[in-house]
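The values are calculated or read from the model by the stated rules, or taken from the named source; none is laboratory data. Model, not experiment: these values are computed from the prediction. Neighbour counts are summed over all protein chains in view; Cβ atoms, including those assigned to glycine, are modelled from backbone coordinates with ideal geometry.
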């Protein structure tokens, strides 16, 4: 029925147990009409009984009970697998009853005819009956036979990415009438057929037929199959091509055998997609990375690697000795950049012949079906190193191996000239013309081959060539012999060396660490540049991949422990200590070593007393956990299950082992004891009691400040634990609470220090009732602080207060409270604070809050008395004034009595107009402008921009424009506040648009990414072509070789370049988006004339073109606007077209890249459509769009090549 080609809108034929349900044996609803499936609703009755017309009559009576209206809308159709000569008369008799829309009956002769017209169904039935078929297979069968030739069977998910990518195009081709063949290429025909099976929906897949023999095709074409015909034999293509106008034909071919453009060319899948398909096949997670690399992400090679039959594991090309010899040097080199002299010299040395000969051999090999090599986007390489090595290892000679190992040692010991650049410029080494001597592709390929030879060499070659592993060890030893710091920094391939020769690598690292000054520490230098490379990453990854092997775990652990002792003060997370922790992480250890081995390693490290060891043990009790998997070996196998989440018992054993080591720690610092006590609820009861015993013993000998520190930490932790316990506290909680209380220092100052440690005091679990709300907590703390400070002042006086200020970060609170508890001694306390310059900013903060807490009247008298006479030096008087409230009264006091300090005050004062009256605000602004602090003045107005006098704002903005920017570093305004200020000034008319434009130009960098933008500057430039040309003159030199006398500053040139590059305005455009083409061309003519006079004609045309690239879409829906099209044609120079094209491409901005060049291809198509639409009216603009489309097509091809290379090299 599916193959009949009728448009079935519904079909239901239940099977198995459901076949026994009452009602129709099946029913269909079809839109079209053909000779077998009637249109409309059809009820089907099926029979194999030799009782006709008995059985049809029985079914007729059974369906007679249906409602009359349903029968009138339904065709009754009886089908018997028996021969029934009387079916015609039975049908006629039943039709005369007129109970049904129609009546039909099919017997075995009808079924035979129907089957003859349904070749896909016939092939399927032949398979079910065990009847041989020649040259034709159902698509499902072809896929199953190809996929199930290996274990595990291949998954159709291998084709997910190309299926999605071509889905729309493939569907459109199938829906159209037949007109041309669809061409799919892959590494093998079977792979191409597999793609087709994955791409077709089930009904179409069941109708599709694969042609394996050209002799079978003519008979199939005569039967006019309604399904897709997949041609899987090259000699059938000629006949198939002639029938492509009447049948949907698909050619499944290898890449090398199709010289024409193809519809779908299968390339290596992305690593993530390929590994996901392996997961669907049931491949263990730890095996997926290795198998992905072995297969080169090719389904064809994957099938070969997993093949059940040995004959399938050897490709056809491996059976030809001549091809094996041609492939050998390419296999050993692995990958290289064509045209790179150093790369090609290395490949030629490996081959023992000129690179031209290697290229000829590679060209021959790429033309093979299931080609073992690839060449794309300037790179060459082998599809699968392991596949090729296993296939042609018999052809590898002693001379081949010796030449390769010699080149490997050379490549892996080359210096990196990028190290000669400063660290912050190394990322851009290519811009400076500095690059490594060989490409990263060749370097990685050589390293990978060393690994493969070390793992497989003795098994494949040992009998003929002796121990290959020993020779690889010698190469690695030579590369790492007596390395200097620079040699370590130049080693960007340590992972390959470690995997190729693990013990040799570890020997070299251990030998270096035994030196008095290990050179490997050069890799641990902090990264100081935001663009800098983290040099230690390669070393850490090399060690991590070796740690998976239990036999080497202890050595790697010891190395990482030693490296962890080096302090690295940067923000990168991948540090030796992090790698070390990952190996023994209780809930996700990144090693196959046993729990006992991991705990033993931690114990040995703990015996050193290292703080790193303590942190490592403590990390086994995480409050929260996050981790990512470590690097795994690319080729060496990792024991099954390693790296998976461990058993709960293993987690607990690790945690208890770490706890035992911490409890056995010889002596605790206050921080270490605090660490343990804050984790106490994670420990078993017996461990808690042991810990409390040790804690009480520690407290007996601890100093008061340590006791206070621990008490404060416990105070905070007890609150957390009590809230979490919700009243269900363990028995030992009473003891730890008593212990915390007993830690109260005997020294009064230490008793109260916790109240002044920080501005905010967290609540305490034992000092605050759970019923008390957070809203009342600050009030209670205020009371406690006041009482505590009274006690300190009473018992210890000035020294006690100074101790609290020095030992905490709440000096502002202390000053405020001093003014409250001793208002009559404010002057005294101020003078005491002035005496102690060693307290620095803390004393000034206390002084400021002390003076601010006094009411207005006493405040003035306090200031006056403090500043009178000569008992204070001018520097101290200035400190007092800067600490005093920044308000009018203070400023009048300065103006009246301390005029000599005024300038210094206004140069340093931090002020704010919030709560100031207009007169004081104006006074503040005047004084700040007098001392050259316009940016500080603007910041002071930040909270009152909406209400301040616009004229005052205008004065500040004008001063900022002409300022040398001395205070911009400490008072740099943001674009939002600047925009608000300019809008307010503009609305008030306090400054002209030209003046506002000057401000926007001078402060342009601050407007980047702001909502305000530069509307006044844009208006001036759009209406005054002379100002536009002035900006061009600031940036570009004259084209006649002369030099202008009025050259601007580099800063002005940079701003002018930014303004023109980011321009979003157009001459002749109004606020509503309309563009007056006459005004636009008049502006352009004037600008061009002025530019010619300034000897900058050509470059001005380019800049104008760049400006016109900001055009909106035209009324016809195509870009650019019609007025811009005419303006381009009006000028008509190559320069304006160049600027227009470059400007449009630059305005694309930053993009999120997908795979390949699809984004660029879509843009090219868009511009090409626009070009065709405007070609007749404005051919010059159309030509510019042609060039733009061509540029994006070129970019698309470049990105396609980049994607292909990265996939081939295993980078994606």
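Which of the residues belonging to region 475-486 are in contact (Cβ under 8 Å) with a residue 60 or more places away in the chain and surrounded by fewer than 19 Cβ atoms within 10 Å (Cβ to Cβ)? If you could, list the steps in order and put the result at the bottom.
Step one: list which residues in region 475-486 are in contact (Cβ under 8 Å) with a residue 60 or more places away in the chain, which gives 475, 478-479, 486.
Across region 475-486, the qualifying residues are 478, 486.
Results for (1) over 16 Å from residue 122 (Cβ atoms); (2) out of contact with any strand residue (DSSP E or B) (no Cβ under 6 Å at 6 or more places or on another chain), shown as yes or no for each residue.
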| site | (1), (2) |
| --- | --- |
| 193 | yes, no |
| 197 | yes, yes |
| 202 | yes, yes |
| 206 | no, yes |
| 209 | no, no |
| 216 | no, no |
| 219 | no, yes |
| 222 | no, yes |
| 232 | yes, no |
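Answer yes or no as to whether residue 163 is surrounded by fewer than 23 Cβ atoms within 10 Å (Cβ to Cβ), within 44 Å of the chain's Cα centre (by Cα) and either part of a loop (DSSP other than H, G, I, E, B) or without any contact (Cβ under 8 Å) to a residue 24 or more places away in the chain (or both). Walk me through it before giving the result.
Numbers: surrounded by fewer than 23 Cβ atoms within 10 Å (Cβ to Cβ): yes; within 44 Å of the chain's Cα centre (by Cα): yes; either part of a loop (DSSP other than H, G, I, E, B) or without any contact (Cβ under 8 Å) to a residue 24 or more places away in the chain (or both): no.
Judged against the criteria, residue 163 is not a match.
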Among the residues of region 318-368, which ones are in a loop (DSSP other than H, G, I, E, B) and farther than 27 Å from residue 436 by Cα? 320, 367, 368
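Results for (1) assigned by TED's automatic domain parsing to the domain that holds residue 212; (2) surrounded by 14 or more Cβ atoms within 10 Å (Cβ to Cβ); (3) not in a strand (DSSP E or B), shown as yes or no for each residue.
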| position | (1), (2), (3) |
| --- | --- |
| 103 | no, yes, no |
| 110 | no, yes, yes |
| 123 | yes, yes, yes |
| 127 | yes, yes, yes |
| 134 | yes, no, yes |
| 137 | yes, yes, no |
| 142 | yes, yes, yes |
Looking only at region 411-453, which residues are within 18 Å of residue 487 (Cα to Cα), in contact with a helix residue (DSSP H, G or I) (Cβ under 6 Å, 6 or more places away or on another chain) and free of Cβ contacts under 8 Å to residues at least 24 places away in the same chain? 418, 434
Right, residue 842: within 15 Å of residue 812 (Cβ to Cβ), part of a helix (DSSP H, G or I) and without any contact (Cβ under 8 Å) to a residue 60 or more places away in the chain or not? yes
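Somewhere in region 72-86, is a residue assigned to a helix (DSSP H, G or I), in contact with a strand residue (DSSP E or B) (Cβ under 7 Å, 6 or more places away or on another chain), assigned by TED's automatic domain parsing to the domain that holds residue 40 and buried (at least 18 other Cβ atoms within 10 Å of the Cβ)?
Just the residues of region 72-86 that are assigned to a helix (DSSP H, G or I), to begin with: 72.
If we keep only those that are in contact with a strand residue (DSSP E or B) (Cβ under 7 Å, 6 or more places away or on another chain) as well, we get none.
So far as region 72-86 goes, no, none of its residues is assigned to a helix (DSSP H, G or I), in contact with a strand residue (DSSP E or B) (Cβ under 7 Å, 6 or more places away or on another chain), assigned by TED's automatic domain parsing to the domain that holds residue 40 and buried (at least 18 other Cβ atoms within 10 Å of the Cβ).
Going by the structure shown, is residue 147 surrounded by fewer than 17 Cβ atoms within 10 Å (Cβ to Cβ), modelled with pLDDT of 95 or more and closer than 19 Å to residue 193 by Cα?
Details: surrounded by fewer than 17 Cβ atoms within 10 Å (Cβ to Cβ): no; modelled with pLDDT of 95 or more: yes; closer than 19 Å to residue 193 by Cα: yes.
No; evaluated as a whole, the condition is false for this residue.
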Among 238, 168, 197, which is the only one that is crowded, with 17+ Cβ neighbours inside 10 Å and part of a helix (DSSP H, G or I)? 197
Do any residues in region 64-76 that are touching a residue at least 40 places away in the same chain (Cβ under 8 Å) and at positive phi have Cβ atoms under 6 Å from those of residues that are in a strand (DSSP E or B) and surrounded by fewer than 16 Cβ atoms within 10 Å (Cβ to Cβ), where the two are at least six apart or on different chains, and which pairs are they? none
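Quick grid of which residues meet (1) modelled with pLDDT of 95 or more; (2) assigned to a helix (DSSP H, G or I); (3) within 30 Å of residue 865 (Cα to Cα):
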residue: 923; (1), (2), (3): yes, yes, yes
residue: 946; (1), (2), (3): no, no, no
residue: 976; (1), (2), (3): no, yes, no
residue: 983; (1), (2), (3): no, yes, no
residue: 987; (1), (2), (3): no, yes, no
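Given the residues 1037, 1047, which is the only one that is closer than 26 Å to residue 1146 by Cα and part of a loop (DSSP other than H, G, I, E, B)?
On the way: 1047 fails: closer than 26 Å to residue 1146 by Cα.
One residue alone meets the criteria, 1037.
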Looking at 826, 793, 813, can you tell me which residue is within 50 Å of the chain's Cα centre (by Cα), under 27 Å from residue 861 (Cα atoms) and either part of a helix (DSSP H, G or I) or modelled with pLDDT of 85 or more (or both)? 813
Restricting to region 369-404, and then to whatever is assigned to a strand (DSSP E or B) and out of contact with any strand residue (DSSP E or B) (no Cβ under 7 Å at 6 or more places or on another chain), can you tell me which residue is farthest from residue 1198 (Cα to Cα)? 375
For residue 23, are the conditions met, namely being farther than 21 Å from residue 110 by Cβ and outside any strand (DSSP E or B)? yes
Among 577, 567, the single one that is over 17 Å from residue 632 (Cα atoms) and assigned to a helix (DSSP H, G or I) is 577
Answer yes if at least one residue in region 1146-1156 is under 33 Å from the mean Cα position of the chain (by Cα) and surrounded by 16 or more Cβ atoms within 10 Å (Cβ to Cβ), and no otherwise. yes
Which residue, of 783, 798, is more than 16 Å from residue 712 (Cβ to Cβ), modelled with pLDDT of 85 or more and surrounded by fewer than 11 Cβ atoms within 10 Å (Cβ to Cβ)? 783
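To keep it simple, each residue is scored yes or no on (1) crowded, with 23+ Cβ neighbours inside 10 Å; (2) in contact (Cβ under 8 Å) with a residue 24 or more places away in the chain; (3) more than 20 Å from residue 645 (Cα to Cα).
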| position | (1), (2), (3) |
| --- | --- |
| 540 | yes, yes, yes |
| 549 | no, yes, no |
| 575 | no, yes, yes |
| 620 | yes, yes, no |
Quick one: is residue 65 out of contact with any strand residue (DSSP E or B) (no Cβ under 6 Å at 6 or more places or on another chain) and either surrounded by 12 or more Cβ atoms within 10 Å (Cβ to Cβ) or more than 30 Å from residue 203 (Cα to Cα) (or both)? yes
Conditions (1) over 30 Å from residue 292 (Cβ atoms); (2) more than 32 Å from the chain's Cα centre (by Cα): number failed by residue 571: (2)
Scan region 1100-1143 for residues that are free of Cβ contacts under 8 Å to residues at least 24 places away in the same chain and part of a helix (DSSP H, G or I) and jot them down. 1134
